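**Student:** To start, I am sharing the structure in question, which I have written as structure tokens.
The values are calculated or read from the model by the stated rules, or taken from the named source; none is laboratory data. A quick note: this is a predicted structure, and the numbers were derived from the prediction, not measured. Cβ: placed from backbone, ideal geometry, glycine included. Neighbour counts: every protein chain shown.
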Amino acid sequence: MDSFEKKILVTGGAGFIGSNLVNYFVKKYPDYLIVNLDKLTYAGNLINLRDVENAPNYRFVKGDILDKSLLDKLFGQYDFDTVLHLAAESHVDRSIDSPDDFVHTNVTGTVNLLNVARKYWPNTEGKLFYHISTDEVYGSLGDTGKFTEKTCYDPHSPYSASKAASDHFVRAYYHTYGLPVIISNCSNNYGPYQFPEKLIPLTINNIIHNKPIPVYGRGENVRDWLYVEDHVRAIDLIMHQGRNGETYNIGGNNELKNIEVVEKLCEVTDEFLGRSPIGISKKLIRFVKDRAGHDWRYAIDINKIKTELGWQPAVRFDEGIRKTVQWYLDRQDWLKQVTSGAYRNYYDKMYKNRGL
Ligand code: NAD
Ligand code: TYD
């Protein structure tokens, strides 16, 4: 164990961003030990990690961040110096249907991790607790303006409220106990391994199967989209060069209305599937009842991370979306596997509720 240069606990490493991050870190840093703790909820799948599952610097532990004795055991066993905390319930629609899991995992789970880090890190030199969070903690923008690191928190959904609470706890542990922490707040990610209930993979999956594409309200809400690999590169940089106690906003400089995203996906998927005329899948679009409390617009000012750490998005949306569509078309086995079983019931119920 001591032969590793760093010993990193990644939580939620079988989910969308987590698995992209684990795949990247295990390959890029053979001298770092990566221990991935994941409960494997509907959103976490070990097939996301096939490429690294036998790597000598990788371990997987199936477990819950609510299990305090497991956290204690893992810190005792591995002597972590870094926590990259991604485990969360992450879907706004689910948080509206049943907020409790969001409070348990996102708030209590985060506090459990902070407590165990504090217990095992009496000497804080070389230690870092890094919380991966969302721009949704800042609430909703009107037609102008951007979120900066100084924007006041104003979460609207149970999901964003739970992430805001966990961010506050992370900062409280920095101020009260001197725990070394960093938080980053990122905009909407897209790319491989995203569970197909979020807008982009859901739309691609539905186009493949000629199923209706639900667009909430008039599809005019705006999101800022970032290719997941760019997010992982930002996390890598922040982990190594970010300043203790700081917050970094991460975004794609890429604001789009939901309807623009869905129409683009129809065109690219039609092109790759050889459907004619290109764009014919737009006939699948259905404007459905709006999401309760639907945030209007998110946009990120990335000036801080750009000037301090030299990060900016590298993958343009046009390129990222083509890579993403191609990935889902190539990995229909993956789509099939992750949408079978318990998830099926949720999906069917959701569609019924939306009158589809
Ligand atoms: P995801 O839902 O795809 O993955 C979450 C992972 O956490 C899953 O593997 C799940 O099994 C695991 N998990 C859930 N509850 C757990 C528990 N109690 N104990 C252990 N593991 C548990 O989420 P994601 O999209 O990869 O997001 C990862 C993190 O990044 C989250 O904290 C999210 O808030 C944040 N984030 C996401 C986005 C985005 O666009 N997806 C943007 C900004 C920030
Ligand atoms: P989503 O991918 O759930 O991410 P978030 O809510 O965290 O931004 O949704 C992205 C946007 O797409 C959001 O404005 C809601 C909208 N949306 C739809 O219009 N239809 C859908 O089926 C889904 C899942 C989302």
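**Student:** Does the range 15-36 hold any residues that are within 15 Å of ligand 1 (Cβ to nearest atom) and in contact (Cβ under 8 Å) with a residue 40 or more places away in the chain, and which are they?
**Tutor:** Once the filter is applied, which keeps residues that are within 15 Å of ligand 1 (Cβ to nearest atom) and in contact (Cβ under 8 Å) with a residue 40 or more places away in the chain, the range 15-36 yields GLY15, PHE16, ILE17, GLY18, SER19, ASN20, LEU21, TYR24, PHE25, VAL35.
**Student:** Out of all the residues in the range 26-37, is one or more assigned to a helix (DSSP H, G or I) and buried (at least 20 other Cβ atoms within 10 Å of the Cβ)?
**Tutor:** Within the range 26-37, one or more residues are assigned to a helix (DSSP H, G or I) and buried (at least 20 other Cβ atoms within 10 Å of the Cβ).
**Student:** Let me ask another. Hey, VAL232 hits all of (1) under 25 Å from ARG331 (Cα atoms); (2) loosely packed, with under 15 Cβ neighbours inside 10 Å but one; which does it fall short on?
**Tutor:** So VAL232 meets the others, but not (2).
**Student:** Looking at the range 240-252 only, could you name the residues that are touching a residue at least 12 places away in the same chain (Cβ under 8 Å) and surrounded by fewer than 18 Cβ atoms within 10 Å (Cβ to Cβ)?
**Tutor:** GLN241, ARG243, ASN244, GLY245, GLU246
**Student:** Looking only at the range 306-315, decide whether some residue is closer than 24 Å to ASP143 by Cα and either of a type outside the set (D, E, K, R) or within 19 Å of the chain's Cα centre (by Cα) (or both).
**Tutor:** Yes: one or more hits.
**Student:** Scanning for something in contact (Cβ under 8 Å) with a residue 12 or more places away in the chain and either within 15 Å of the chain's Cα centre (by Cα) or within 16 Å of ligand 2 (Cβ to nearest atom) (or both), does the range 114-129 turn up at least one residue?
**Tutor:** No, every residue in the range 114-129 fails to be in contact (Cβ under 8 Å) with a residue 12 or more places away in the chain and either within 15 Å of the chain's Cα centre (by Cα) or within 16 Å of ligand 2 (Cβ to nearest atom) (or both).
**Student:** All but one of (1) more than 16 Å from ligand 1 (Cβ to nearest atom); (2) of a type in the set (A, V, I, L, M); (3) touching a Phe, Trp or Tyr at 6+ places or on another chain (Cβ under 9 Å) hold for ILE285, so report the exception by its number.
**Tutor:** With (1) more than 16 Å from ligand 1 (Cβ to nearest atom); (2) of a type in the set (A, V, I, L, M); (3) touching a Phe, Trp or Tyr at 6+ places or on another chain (Cβ under 9 Å) applied to ILE285, the lone miss is (3).
**Student:** From the list ILE238, ILE208, ILE213, ILE259, exactly one residue is more than 13 Å from ligand 2 (Cβ to nearest atom) and outside the structural domain of TYR138 (by TED's automatic domain parsing). Which is it?
**Tutor:** That would be ILE208, the only listed residue that is more than 13 Å from ligand 2 (Cβ to nearest atom) and outside the structural domain of TYR138 (by TED's automatic domain parsing).
**Student:** Then there is this: Looking at VAL315, VAL288, which one is at pLDDT 95 or above and either in contact with a helix residue (DSSP H, G or I) (Cβ under 7 Å, 6 or more places away or on another chain) or among the aromatic types (Phe, Trp, Tyr) (or both)?
**Tutor:** None of the others qualify; the one that does is VAL315.
**Student:** Could you grab me the full set of residues in the range 38-60 that are assigned to a helix (DSSP H, G or I) and loosely packed, with under 14 Cβ neighbours inside 10 Å?
**Tutor:** none
**Student:** Do we find a residue being farther than 15 Å from ASN258 by Cβ and crowded, with 21+ Cβ neighbours inside 10 Å anywhere in the range 215-226?
**Tutor:** Looking for residues that are farther than 15 Å from ASN258 by Cβ and crowded, with 21+ Cβ neighbours inside 10 Å, one finds at least one in the range 215-226, hence yes.
**Student:** Also, quick follow-up: What are the residues in the range 311-343 that are in a helix (DSSP H, G or I) and farther than 23 Å from LEU265 by Cα, if any?
**Tutor:** If the condition is that a residue be in a helix (DSSP H, G or I) and farther than 23 Å from LEU265 by Cα, then ALA342, TYR343 are the ones that fit.
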